[in-house]
Amino acid sequence: MERYSRQQLFAPIGERGQQSIREKHVLLIGAGALGAANAETLVRAGIGKITIIDRDYVEWSNLQRQQLYTEEDATNRLPKAIAAAVHLRAINRDVVVEPIVADADARLLEHVVARERPHVMIDSTDNFDVRMIINDVSQKYDVPWIYGACVGSYGLSYVIVPNETPCLRCLLEEVPLGNATCDTVGIISPVVHMVVAHQTAEALKICVHVQVNRKLVSFDIWHGQYRMIDVHKLKKDDCPSCSEKRTYPALQYENETKFAVLCGRETVQIRPAHRGEREWTTLLSFLTKRGIQVEQNEYLFSFTIHRYRFVVFFDGRVFIHGTNDVQEAKRLYYQYLG
Ligand SMILES: [Zn+2]
């Protein structure tokens, strides 16, 4: 296996470790900056299978740091999961790549994890609601997960192993996990790679059955700061996610149409209560009659009305660009799409 010779020469991995990596399945949640770099690193390392969940499509402002994507992907507004799969298969044809274009909500994540039983989950989201879902799914199905976050030049990473480490919910009140998002203060690509370096190193350790780093790592790559925080005492006896009294609060499903402002992007996402492919012909003929130009690919169509750009995914989700206001988005949604 010439391809992995350098990795096999690394003693803690070796030939047996390489074989073990080959048999592992990683579930990656989010295919933005962290997701793209995590995916590329693990696919090059020869992981057996990678499942990628992402709800978004490639935009020009992504290209500065989301290393898998090209100008062509942005021009075609390809869903990130699909674009990532195309590029990853070109990098390593031996890896099974499964893209899922969807919102990583509780229902979907639990379904995928129950069905696939991945060996590790990697957090590449920028969203605390999703992290809490990953955290509960991890505990319920006994799958370790690797938290990662970055903003500006600051980054964090931490591995959660069920029954061994405190979970992310245990740490919430104790550790400043940050709440600024990439869109409000910006981000530089090097910090993405530093977070990904930690996440993928720990993922490889899990793949070869070596004990993970139990400390939370935080750093600022611009200002040259690096800290390892011992968090083992922070495990809570009454944690609703990981204690004996657990109720998995993030897995309580909601059956209503949800409106969510996407981090600082002047965009609201609408997730309808009734999911699945919908018949869009009425809407499309309504738009055509009014001379509104519709752009379409295999996964979504988009159009502009007044100053709003609507992007409709065939799974039923809608992005309305041009507003941060949920009430306004509701009005627009029910007016044109509801
Ligand atoms: Zn906990």
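I want the antiparallel fraction of DSSP beta bridges within the chain, as a percent rounded to 5.
70 percent
Could you give me the ³J(HN,Hα) list for region 293-298, computed from phi with Karplus coefficients 6.51, -1.76, 1.60 and θ = phi - 60°, whole Hz, x at Gly and Pro?
Result, rounded to whole Hz: 6, 10, 9, 9, 10, 5.
Please give me, ordered by residue number, the trypsin sites (Lys or Arg not before Pro) of region 42-122 that lie in loop per DSSP and have at most 16 other Cβ atoms within 10 Å.
Arg93
For the chain, just say rounded, prolate or oblate: build the C-alpha gyration tensor, square-root its eigenvalues into a ≥ b ≥ c, call rounded for a/c under 1.5, and beyond that prolate if a/b exceeds b/c, oblate if not.
Prolate.
For region 89-218, what class follows from the C-alpha gyration tensor (a ≥ b ≥ c being the square roots of its eigenvalues): rounded when a/c is under 1.5, otherwise prolate if a/b is larger than b/c, else oblate?
rounded
Probe radius 1.4 Å, ligands and nucleic acids ignored: give me the carbon and sulfur share of the accessible area of the chain as a rounded percent.
Of all accessible area on the chain, carbon and sulfur atoms account for 50 percent.
In region 205-246, which trypsin sites (Lys or Arg not before Pro) are in a loop and have at most 12 other Cβ atoms within 10 Å, using DSSP for the loop call?
The qualifying sites are Lys245.
Could you give the nm distance between label points at Tyr299 and Arg93, where each point is 7 Å from its Cα heading toward the beta carbon?
Placing both labels 7 Å along Cα→Cβ, they lie 2.3 nm apart.
Once Lys and Arg get +1 and Asp and Glu get -1 on their Cβ, which of Thr51, Leu68, Ala84 lies farthest toward the positive end of the dipole of region 26-92?
Of the options given, the answer is Thr51.
Please figure out what share of the DSSP beta bridges in region 1-127 is antiparallel and state it in percent, rounded to the nearest 5.
Numbers: 1 of 16 bridges.
Antiparallel bridges make up about 5 percent of those DSSP assigns within region 1-127.
Work from the charge dipole of the chain (Cβ charges, +1 for Lys and Arg, -1 for Asp and Glu, about the Cα centre) and give the residue of Ser153, Leu204, Val137 farthest towards its positive end.
Toward the positive end, the furthest listed residue is Leu204.
What FRET efficiency would be calculated for the residue pair Ser285, Thr257, taking the C-beta separation as r and a Förster radius of 22 Å, to the nearest 0.05?
Once the sixth-power term is evaluated, E becomes 0.40.
Quick one: check the C-alpha center-to-center distance for region 69-84 versus region 202-235, whole angstrom.
What the calculation gives is 32 Å, centre to centre.
How much of the DSSP beta bridge set in region 204-338 is antiparallel, as a percent to the nearest 5?
On the way: 26 of 26 bridges.
Counting only bridges with both partners in region 204-338, antiparallel ones make up about 100 percent.
Is there a quick way to get the dipole size of the chain? I mean about its Cα centre, with the Cβ of Lys and Arg at +1 and of Asp and Glu at -1; what is the value in debye to the nearest 20?
On the way: 40 positive and 41 negative charges, 47 e Å.
Roughly 220 debye for the chain.
Could you state the accessible area per residue of the chain in Å², with a 1.4 Å probe and every protein chain left in place?
47 Å²
Under the rule a/c < 1.5 gives rounded, and otherwise a/b versus b/c splits prolate from oblate, where does region 220-273 land using the Cα gyration tensor?
oblate
Can you tell which of Phe259, Val231, Ile221 lies farthest toward the positive end of the dipole of region 196-267, using +1 and -1 charges on the Cβ of basic and acidic side chains (Lys, Arg; Asp, Glu)?
In region 196-267, that residue is Val231.
At 222 nm, what helix-only mean residue ellipticity would the chain give, in deg cm²/dmol to the nearest 500, using -39500 (n - 2.57) for each DSSP H run of four or more? Present the calculation step by step, with values, prior to reporting the outcome.
Working: 12 runs with 115 residues, N = 338.
It lands at -10000 deg cm²/dmol.
Label points 7 Å out from Cα along the Cβ direction at Asp220 and Thr75: separation in nm?
Placing both labels 7 Å along Cα→Cβ, they lie 4.1 nm apart.
For region 223-268, which chymotrypsin sites (Phe, Trp or Tyr not before Pro) are in a loop by DSSP, counting at most 10 other Cβ atoms within 10 Å?
Loop-located and lightly packed - Tyr253.
The values are calculated or read from the model by the stated rules, or taken from the named source; none is laboratory data. Just so you know, these numbers come straight off a predicted model, no measurement behind them. Heads up, the Cβs are rebuilt from the backbone with ideal geometry, glycines too, and the neighbour counts pull from every protein chain shown. Note: areas computed on protein heavy atoms with side chains; ligands, DNA, RNA excluded. Shrake-Rupley method; radii C 1.70, N 1.55, O 1.52, S 1.80 Å.
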